[in-house]
Amino acid sequence: MSINIQTPTDTTLVMSRSFAAPRELVWACHTQPEHIRQWWGRGNPLDVDIDFTVGGKWRFVETADGSEHAFRGEIKAIDAPHSFTWTFEYEPMAGHILTEQYVFTEEDGKTTVTSTSTFDSQADRDGMIESGMEGGAEQSYAALDAYLLKIS
């Protein structure tokens, strides 16, 4: 399976991907640190600090090729196991904060995750796309596929 990416407006990016697993399990893999660290950083070592409550903060640090890449945000809304919203910021580009809403839908034992990212400007959205984000998302979701096979 591959990720589907759309840009419905100048400041939004929508990604969707299906997984052969029930919604509750895919939800847990997106919200619980013991699962997140297994796949989120493309399968690379990942430090995860997350307080998955409304107003809670999160910070993930991926180690790849001897470098650390840190991301952080705040949980804005939770409707378990249907959706959550958080802010997202890549620490080296501090101040460029976007809002991401994740929606989890299940049909016939498969779960589709749709994330809608809203940026402050088209330049920020386009910069994210040009950063190689699509490849990183593909790699992370491939790592999630492999992890789901192990724990299902």
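The values are calculated or read from the model by the stated rules, or taken from the named source; none is laboratory data. Please read these numbers as outputs of a predicted model, since none were measured by experiment. Backbone-built Cβ (ideal geometry, glycine too); neighbour counts: all protein chains shown.
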(message) Please verify whether Thr31 is touching a strand residue (DSSP E or B) at 6+ places or on another chain (Cβ under 8 Å), in contact (Cβ under 8 Å) with a residue 24 or more places away in the chain and farther than 21 Å from Gly132 by Cβ, treating the condition exactly as stated.
(response) yes
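Within region 1-47, how many residues are hydrophobic (A, V, I, L, M, F, W, C) and within 13 Å of the chain's Cα centre (by Cα)? Give the steps one after another, and end with the answer.
At the first step, the residues of region 1-47 found to be hydrophobic (A, V, I, L, M, F, W, C) are 1, 3, 5, 13-15, 19-21, 25-29, 36, 39-40, 46.
Next, from what is left, pick out any that are within 13 Å of the chain's Cα centre (by Cα): 3, 13-15, 26-29, 36, 39-40.
So the count comes out to 11.
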(message) Restricting to region 67-118, and then to whatever is acidic (Asp, Glu) and buried (at least 16 other Cβ atoms within 10 Å of the Cβ), can you tell me which residue is farthest from Asp51 (Cα to Cα)?
(response) Glu106
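Within the group Thr7, Thr105, Thr85, which residue is among the polar types (S, T, N, Q) and over 26 Å from Ala123 (Cβ atoms)?
Just one listed residue meets the conditions, Thr105.
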(message) Looking at region 30-52 only, could you name the residues that are assigned to a strand (DSSP E or B) and either within 14 Å of Trp86 (Cβ to Cβ) or in contact with a helix residue (DSSP H, G or I) (Cβ under 6 Å, 6 or more places away or on another chain) (or both)?
(response) Leu46, Val48, Asp49, Ile50
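Residues of region 53-89 being small (Gly, Ala, Ser) and part of a strand (DSSP E or B), which ones?
First, the residues of region 53-89 that are small (Gly, Ala, Ser): 55-56, 64, 66-67, 70, 73, 77, 80, 83.
Of everything in region 53-89, those that are small (Gly, Ala, Ser) and part of a strand (DSSP E or B) turn out to be Ala64, Ser67, Ala70, Gly73, Ala77, Ser83.
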(request) For region 137-152, name all the residues that are small (Gly, Ala, Ser) and either more than 12 Å from the chain's Cα centre (by Cα) or not in a helix (DSSP H, G or I) (or both). (result) Ala142, Ala143, Ala146, Ser152
(request) Give region 90-136 a look and list any residue that's without any contact (Cβ under 8 Å) to a residue 24 or more places away in the chain, under 12 Å from the mean Cα position of the chain (by Cα) and assigned to a helix (DSSP H, G or I), or say none. (result) Met133
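Per-residue answers, yes or no, for (1) closer than 27 Å to Thr9 by Cβ; (2) β-branched (Val, Ile, Thr); (3) in contact with a His (Cβ under 6 Å, 6 or more places away or on another chain); (4) modelled with pLDDT under 95:
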| position | (1), (2), (3), (4) |
| --- | --- |
| Gly55 | no, no, no, no |
| Arg59 | no, no, no, no |
| Ala77 | yes, no, no, no |
| Tyr102 | yes, no, no, no |
| Arg125 | yes, no, no, no |
| Ile129 | yes, yes, no, yes |
| Met133 | yes, no, no, yes |
